[in-house]
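The values are calculated or read from the model by the stated rules, or taken from the named source; none is laboratory data. The structure displayed is predicted, hence computed values, not measured ones. Reconstructed Cβ throughout: ideal geometry from the backbone, glycine too, with neighbour counts over all protein chains shown. The protein model used for the area step is the full one, side chains on, heavy atoms only, and it has no ligands, DNA or RNA in it. Shrake-Rupley method; radii C 1.70, N 1.55, O 1.52, S 1.80 Å.
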Amino acid sequence: KDVHLFDPTMDIVLIMFGTNGGLNTNTLATDVEPYDDWADYADTSVGDYCKLIEKIMEDTQNHAQIILMTPPYSTYTEAQEQLVINSNPVVKAIAQRYSIPVIDVLYESGMGKFNASVFRPHDGCHFNAKGYHKLGTFIGSKIKAVVSTFSLDDVYDDETA
């Protein structure tokens with residue numbers, strides 16, 4: 001039986017993976033591209049990321065605007081910091097594969113190494129209220145820029161013509 005995990009009326013889906021590793025190497029060429037069906041993609045972080053995107057596309061009949069986000073900067077440990085930095089180009093490569101927008105939280109949010117104590121004072125990884133407010137405001141402004149170029153009226157006019 002067909003199982004739909006995602007509501008077909010969803011307008012926007014935000015996906016942010018990579019903070020805890022797994023997206024450190026672009027394995028699209030081996031884990032995804034050789035296969036015709038997303039169900040056959042490798043059970044790896046990159047393969048699973050692409051499965052998720054294609055499942056959302058299928059369930060929402062390409063109605064949802066999927067937006068990928070790079071993970072935010074982390075000063076939790078040096079290894080964690082490197083995982084996040086390495087994830088950035090992999091997330092962008094996946095976004096390019098599907099021609100979907102990517103919000104670069106790592107390099108464009110204004111939250112980095114030198115102000116981590118303001119937005120992540122407890123452990124360098126988890127935000128405080130200021131950090132979540134800044135992250136939410138940043139993401140909201142980027143979403144507004146992406147969706148402001150799209151008008152539902154155009155869709156409805158095309159369907160009724």
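Structure summary
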read-out: Percent carbon-and-sulfur accessible area, the chain, ignoring ligands, DNA and RNA, probe 1.4 Å; value: 53 percent
read-out: Contact order normalised by residue count of the chain, Cα under 8 Å, 6+ apart, percent; value: 22 percent
read-out: Whole-Å semi-axes of the ellipsoid equivalent to the range 13-161 (Cα gyration tensor, √5λ, descending); value: 29, 23, 10
read-out: Total charge dipole magnitude, the chain, about the Cα centre, Cβ charges on Lys, Arg, Asp, Glu only, Debye to nearest 20; value: 1080 debye
read-out: Where Cα atoms sit under 27 Å apart: lysine pairs in the range 1-149 separated by 8 or more or lying on different chains; value: 21
read-out: For the chain: accessible area per residue (Å², 1.4 Å); value: 58 Å²
